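Quick notes on the structure that follows.
The values are calculated or read from the model by the stated rules, or taken from the named source; none is laboratory data. Since the structure is predicted, the reported quantities are computational estimates derived from the model, not experimental observations. Backbone-built Cβ (ideal geometry, glycine too); neighbour counts: all protein chains shown.
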Amino acid sequence: MNSSDNHISSGCRTHLMPLMSSSFTPGQAQATVNSFQDKGQRQIAQAELYYFSARAEECKDIAELYLQDKDIYLRLSAGLLYSFSNLTLGNPAAAKMGFRNIQECLHQTEQNPSSNEAMASCVFANYLAMVLMHLPTDKLPPLRDFLPYLPAGLRAYGIYVLAHNAYLHEEYANALGLCQSVFLMLDGCYPIAMEYLYCVIIMSLVNQKKENEARDVLMTAWNMAKADGFLEPFIEHHGLMLGQIEACIKPTEPELYKQLSQAVIAFSRGWMNIHNPKLQASVTDKLTPMEFAIAMLASKGWSNQEIANHLSMSSNTIKHYISSILQTLGVKSRKELKPFVNK
C-alpha cells in the first residue's frame, strides 16, 4: 500500500455492503441496485447481487476494482466480496489476500480512530470473515458492542454471524433464539440478511431433530430467495443443513437442485482449500452433495433409520451409502468421518 493510502476515508456517503444494508421487496434486488446514485455504491451493490446469485466471476471482477479504495466502506465491501467469490472460483491465494485487506482496514482504523460507524464496519467485516471460515475470533473486539452502529440490514446479518458462531459451538438453542429475535425487531424486509438467518434457524432445528419445523422454514427461505435468484445462502450452508435441501428441493425442483449441487461442489472445494487443504481433494472431489449430507448426519451420531426417515429413503439405502462413503474416504467407522465434514 502506498503512502497516499495510509489514511482511509470514512465519509458518510457510503455504507458497507449497500445491498445487504437495504430493505426491499423480494424480486426487487436489481431495481434496488439501480437506485443507488453514488457510482461506487452502485457497483459494489451490483457485485453483491452477482455474488448472492452465484455469479462469482462477475462479482470478483467488480470487487477487484475497489480493493484499494480510500473509502473504507467500499474497500471493506470489496474485500469481503473478493474473498468469498475467489473461494468459489478455486483461487485460495486471492481469497486470502482479500481477508488480509479486511484485517488491514481494522488495524488502520484502530490506530487512527475516525467514527463509531467505521470501526463497527471493520469489526463486522473481520468477524464475518473469521466465523464463516471457522477461524478463532478471540483477538477481535466484541462484535456485540458495535452492532448499534450498523444499519439495520447489517445489524441483522451481524446477529446471523453471532448465531452461526453459537451453532458452531453446538449451542443450538442459543443460535435459534438469536435468529428468531431478529425477526421480532426488524422494521422492514432485508432479504439477504433474512435468508442467512433462516439458514441458521434450519440448521439449529435439524440438530434439535425438529425436522417438520425445519422444512417449513426452508421452504419460506427458498421461495423468498428464488425471487432474486439468491442461491448463495443455500450453497454456503448446504452441508450444515444436514440433508434438508436433498429432502425438500431435489424432489420438486430437480433442475434448480442440479445447479445448486454444482455450485456447492465448487464452493466446498474452495472452502476446504483454505480451511483444511489436506482433506480437500478427499472430500470435495470424491463425495457428491448427497453423500456429504449423509456423512455429516452419520458423523453426528444419527442412526441409519433416522437418516433414512430424514431423507425419505430406506434404511438399507442409507447403509449402502455409508459403506460406500467409508470406502471412498478410506476410513473404517462413522467416528472417523468427522474430520472430513469439518463444519
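Couple of notes before you dig in:
- Verdict on residue 147 being in contact with a Gly (Cβ under 7 Å, 6 or more places away or on another chain), aliphatic (A, V, I, L, M) and buried (at least 16 other Cβ atoms within 10 Å of the Cβ): yes
- If you go through region 312-338 and keep only what is within 19 Å of residue 265 (Cβ to Cβ) and either touching a helix residue (DSSP H, G or I) at 6+ places or on another chain (Cβ under 7 Å) or free of Cβ contacts under 8 Å to residues at least 40 places away in the same chain (or both), you end up with 321, 324, 325, 329, 337.
- Total residues in region 23-66 satisfying the condition of being surrounded by fewer than 16 Cβ atoms within 10 Å (Cβ to Cβ), within 25 Å of residue 105 (Cβ to Cβ) and of a type in the set (A, V, I, L, M): the figure is 1.
- Condition met for residue 165 (assigned by TED's automatic domain parsing to the domain that holds residue 15, at pLDDT below 90 and either closer than 25 Å to residue 224 by Cα or crowded, with 23+ Cβ neighbours inside 10 Å (or both)): yes
- Residues that are at pLDDT below 95, among the aliphatic types (A, V, I, L, M) and over 21 Å from the mean Cα position of the chain (by Cα), drawn from region 53-94: 72
- Subset of region 225-250 that is touching a residue at least 60 places away in the same chain (Cβ under 8 Å) and surrounded by fewer than 19 Cβ atoms within 10 Å (Cβ to Cβ) - its residue that is farthest from the chain's Cα centre (by Cα): 227
- Checked against the criterion of being aromatic (Phe, Trp, Tyr), at pLDDT 95 or above and either in a helix (DSSP H, G or I) or over 19 Å from the mean Cα position of the chain (by Cα) (or both), the candidates 127, 50 yield just one match: 50.
- Note on region 289-305: among residues that are closer than 18 Å to residue 209 by Cα and in contact (Cβ under 8 Å) with a residue 40 or more places away in the chain, the one that is surrounded by the most Cβ atoms within 10 Å (Cβ to Cβ) is 294.
- Filter result for residue 170 (in a helix (DSSP H, G or I) and surrounded by fewer than 21 Cβ atoms within 10 Å (Cβ to Cβ)): no
- Total residues in region 167-179 satisfying the condition of being over 18 Å from residue 209 (Cβ atoms) and without any contact (Cβ under 8 Å) to a residue 24 or more places away in the chain: the figure is 2.
- Members of region 239-261 that are in a loop (DSSP other than H, G, I, E, B) and either among the hydroxyl-bearing types (Ser, Thr, Tyr) or in contact with a Pro (Cβ under 6 Å, 6 or more places away or on another chain) (or both): 252
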